[in-house]
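Undergrad: The structure follows.
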Amino acid sequence: MVDKRSVVTVVLCAAAALGASAVMTKVVPAADGAVASRVGTTGPTASSTSRPSQSQAAKQPQLSTPRSPRPNGPVPEESGVTKIAGALFEGTVEGDHFCTATVVHSPGRNLIVTAGHCLLAGPGAGGNAIFAPAYADGRAPYGTWKIEEVYEDPRWADDTDDDYDLAFARLAPDAAGRNIEDVTGAATLDTTGRSGEEVTVTGYPADRKVPRTCTGLAVRTSQTEQRFDCADFPGGTSGSAWLAKDGRIIGILTGGDTDDVSTSTVLGDYAATLYGRATGAKR
């Protein structure tokens, strides 16, 4: 991926696209009782107000871990990944997807989480962006969901400080009046600053119509950043949730040094505050 510090907030064309709180508990079942599965092809059109997905940039040595990552294995439906993770599109699923997002449990049952650089903050700032959970091969089995409002930390929205590259987006109900979480279920957000444990990450590469999943170790590299080494997480996988074995989200893919090295901010107090804004906002 290209280092996001060098990326200007511009429209992502088809050619350029190639290359929540600690008090929450476990994965939340959908309204029909199904447990949410656990867990990012070219970019937005010219009318988009979304930020482009970031690519990953200059390779650094891989961290050594006690186990080898397990790439591209089948993701069982009961694991929750396949229903709650999805791709962000501009307009319709006939167009191109540019980032990944995940349904996160919220009181309104209508929230997704992604990277801050994937969307612009504010009411209507999602433009024509939609979320397609479990998208694969041109199909959106759980429908598409329009983004109504995007919430970001001002230190990211105004200053593009990488330590705060996180966004929550509120989705409109579908035509039947259902909220997204009633259809897919959701994962919970953990903002206790967890790292140093195994995570499963599912993202949608911008040049493919199917997700890519890998399980490996999240390693803290600084007070504010953690790292996940697994091959082939290119542009489009930005916004992918890092799910721990207990089903909680402990990271969001925001960038990396190469397609094989991905990073996330450490989800601490700032993430809890932002989640509070997104869930406490007036409807």
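The values are calculated or read from the model by the stated rules, or taken from the named source; none is laboratory data. Values in this document were obtained by computation on a predicted structure and should not be read as measured data. Because the Cβ atoms are built from the backbone with ideal geometry, glycine has one as well, and the counts that use them run over all protein chains shown. Areas reflect the complete protein model, heavy atoms only, side chains present, ligands, DNA and RNA absent. Shrake-Rupley method; radii C 1.70, N 1.55, O 1.52, S 1.80 Å.
Undergrad: Take VAL210 and ASP174, extend 7 Å from each Cα along the Cα→Cβ direction, and tell me the distance between the two endpoints in nm.
TA: 2.4
Undergrad: Same structure, new question: Per residue, how much accessible area does region 196-251 show when a 1.4 Å probe rolls over the protein heavy atoms, in square angstrom?
TA: Heavy-atom SASA per residue in region 196-251 reads 28 Å².
Undergrad: Something else about it: Of all DSSP beta bridges in region 73-232, what percent run antiparallel (nearest 5)?
TA: Around 95 percent antiparallel, to the nearest 5.
Undergrad: Which FRET efficiency, nearest 0.05, do THR192 and THR92 yield, Cβ-Cβ r, R0 35 Å?
TA: So, using R0 = 35 Å, E works out to roughly 0.35.
Undergrad: For ALA136 and ASP159, compute 0.36 nm times the residue count separating them, minus their Cα-Cα distance, and round to one decimal in nm.
TA: 4.8 nm
Undergrad: Quickly rank 132-144, 221-233, 205-217 as a protection proxy: mean count of other C-beta atoms within 10 Å, highest first.
TA: Sorting 132-144, 221-233, 205-217 by mean packing, highest first, produces 205-217, 221-233, 132-144.
Undergrad: I would also like to ask the following. Which distance in nm do the two modelled labels at THR273 and ARG220 give, with both placed 7 Å along the Cα-to-Cβ direction?
TA: Those two pseudo-labels are separated by 1.9 nm.
Undergrad: Specify the inter-centroid distance of region 179-199 and region 88-137, based on alpha-carbon positions, in whole Å.
TA: 16
Undergrad: Along region 272-277, what does the Karplus equation 6.51 cos²θ - 1.76 cosθ + 1.60 (θ = phi - 60°) give for ³J(HN,Hα), rounded to whole Hz, x for Gly and Pro?
TA: Once θ is set to phi - 60°, the couplings for region 272-277 become 5, 5, 5, 4, x, 4 Hz.
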